[in-house]
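Visitor: My questions all concern the structure below.
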Amino acid sequence: MAPSRRRFLHDSLAAVGGLALPITAQAHAARPEPAYLRLARQGRLRDVEKDLWATLDACRLCPRACGADRRGGKSGVCRSTARLKVASYGPHFGEERPLVGRGGSGTIFFSNCNLLCCFCQNWEINHRGDGRYISEVELADMMLDLQERRCHNINLVTPTHVVPHIVTALRTAVGRGLRLPLVYNTGGYDSLDVVRALDGVVDIYLPDFKYQDGTLAARYSSGAADYPEVAAAVIKEMHRQVGTLKVDERGVAVRGLMIRHLVLPQNIAGTDRFVNWVARDLSRDTYVNIMRQYRPEHRARDYPALSRPVTSEEWGQALAWARAAGLTNLHT
Ligand code: SF4
C-alpha cells in the first residue's frame, strides 16, 4: 500500500539537508514542455515574480489580507515572515495515481499555513511551523534534485503563503534545466488575484474544496467564513486556465485541474452541494478525489461533531451523491 502523506512526512523530515546536484536538462526531454518555460523565454516570469513580492509589504497574498509587513519581519495569520521555511521534500508515492506514475510525485512541504484547520493531519508543520529556513536558491536545488530523481512533477504542498519565493526559485531552476510541471497543491483558500497571476506558471492545480457553509468553515478553519465563495471562485479560475486533467501515454498528469474533497462526519464538508457544484459550474469530467481518510487529529476532539471518523453509511452516501451528480472522473 502506498504510504500516507503523514507517514511520508515523518519518514522524510530529515531529508531537508545538503544536496549534491549534477543536474542534466536532457533527462526528461521527451516530456511535454511545462507552461512556465514560455513565460520565462518571454521574460514575463520576472514580472510575475516582482508583482508577487510586492504583495508582501502589506500582505494580501491570501484572502486573510492581514496587511502584515512581511519583508519588514512581521507575520500575519499564517505566522510567516518573508523567510522561507520547508519541512521536507522527496519523491512521494501516496498522492493521486496520475501524479505518482512510476517515478513518484516530487513533493515539497512548506511550513506554516494560511487556513489552519482544527483537524489538520500535519499540524506540527502547518500550525507549529516545524521545518528549516532555506533560501530560494536551496528551493531551486530541491526542485532540480526531484527532477534528477525521476519524479514526474514538482508538487508544492501548502504553497499559498510562499508563492513569491516559489516563483523566484522557479526562475533560478528554469535557468538550470528544470522542465517538470508544477503542481499547486492548496487548501483552496487562495487569493483570486494571485491565482490569476499564476496563469502560465502552474500546469496542474490540486485544490481542496473543504466546505460549502461559511459558518462551518469559520468554526473549523480559524475564522475563514468566506471560504466557500473564495474556493469556488479560485477553482473556477484554475479550471479556466488549465481545463480538465490531461495525461500522457503513461497516464501521468501533464496539465489540468484535480480537486480533492475530504468527507467529514455529519456532512460538515457539504459533499452533496460540492458534487453538484462541480457538475454544474465546472464539468462532469473534472477529476475529483473523494477522500475517506478523515481521523480526528490536532484539536478536532474539542468539537464533538469532528471527534470520530466517517461512518460507512456517511461514506456510502457521499459516493451516492457523487454518482447521482453525474461525475464521470471520480476517484476514491
Ligand atoms: S499569506 Fe499570511 S500574512 Fe499574508 S494575508 Fe495570508 S495569512 Fe496573512
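Visitor: Test Asn112 against the criterion of being buried (at least 19 other Cβ atoms within 10 Å of the Cβ) and either within 11 Å of the ligand (Cβ to nearest atom) or touching a residue at least 60 places away in the same chain (Cβ under 8 Å) (or both), and give yes or no. Give the derivation first.
Guide: Working: buried (at least 19 other Cβ atoms within 10 Å of the Cβ): yes; either within 11 Å of the ligand (Cβ to nearest atom) or touching a residue at least 60 places away in the same chain (Cβ under 8 Å) (or both): yes.
Yes, satisfied.
Visitor: Still on this model: Among the candidates Ile166, Ile154, which residue alone is among the hydrophobic types (A, V, I, L, M, F, W, C), in contact (Cβ under 8 Å) with a residue 12 or more places away in the chain, in contact with a strand residue (DSSP E or B) (Cβ under 8 Å, 6 or more places away or on another chain) and within 16 Å of the ligand (Cβ to nearest atom)? Step through it out loud before you land on a result.
Guide: On the way: Ile154 fails: within 16 Å of the ligand (Cβ to nearest atom).
One residue alone meets the criteria, Ile166.
Visitor: Let me ask something additional. When Tyr189 is evaluated against the numbered criteria (1) at negative phi; (2) part of a loop (DSSP other than H, G, I, E, B); (3) surrounded by fewer than 24 Cβ atoms within 10 Å (Cβ to Cβ), which criterion, by number, is the only one it fails?
Guide: Against the list (1) at negative phi; (2) part of a loop (DSSP other than H, G, I, E, B); (3) surrounded by fewer than 24 Cβ atoms within 10 Å (Cβ to Cβ), Tyr189 comes up short only on (3).
Visitor: If we keep just the residues of the range 276-329 that are among the basic types (Lys, Arg) and farther than 21 Å from Cys120 by Cα, which is surrounded by the most Cβ atoms within 10 Å (Cβ to Cβ)? Before you say what the answer is, go through the steps one by one.
Guide: Initially, the range 276-329 is screened for residues among the basic types (Lys, Arg), giving 280, 284, 292, 295, 299, 301, 308, 323.
This time we only want the ones that are farther than 21 Å from Cys120 by Cα, so: 280, 284, 323.
Values: Arg280: 11, Arg284: 16, Arg323: 12.
If we take residues in the range 276-329 being among the basic types (Lys, Arg) and farther than 21 Å from Cys120 by Cα, then Arg284 is surrounded by the most Cβ atoms within 10 Å (Cβ to Cβ).
Visitor: Within the range 44-56, does at least one residue satisfy the condition of being modelled with pLDDT of 95 or more, within 16 Å of the ligand (Cβ to nearest atom) and not in a helix (DSSP H, G or I)?
Guide: Checked the range 44-56: at least one residue is modelled with pLDDT of 95 or more, within 16 Å of the ligand (Cβ to nearest atom) and not in a helix (DSSP H, G or I).
Visitor: Look at Gly129 and say whether it is surrounded by fewer than 18 Cβ atoms within 10 Å (Cβ to Cβ), of a type outside the set (D, E, K, R) and more than 24 Å from Leu257 (Cα to Cα).
Guide: Values: surrounded by fewer than 18 Cβ atoms within 10 Å (Cβ to Cβ): yes; of a type outside the set (D, E, K, R): yes; more than 24 Å from Leu257 (Cα to Cα): yes.
For Gly129, the condition - surrounded by fewer than 18 Cβ atoms within 10 Å (Cβ to Cβ), of a type outside the set (D, E, K, R) and more than 24 Å from Leu257 (Cα to Cα) - is met.
The values are calculated or read from the model by the stated rules, or taken from the named source; none is laboratory data. Please read these numbers as outputs of a predicted model, since none were measured by experiment. Backbone-built Cβ (ideal geometry, glycine too); neighbour counts: all protein chains shown.
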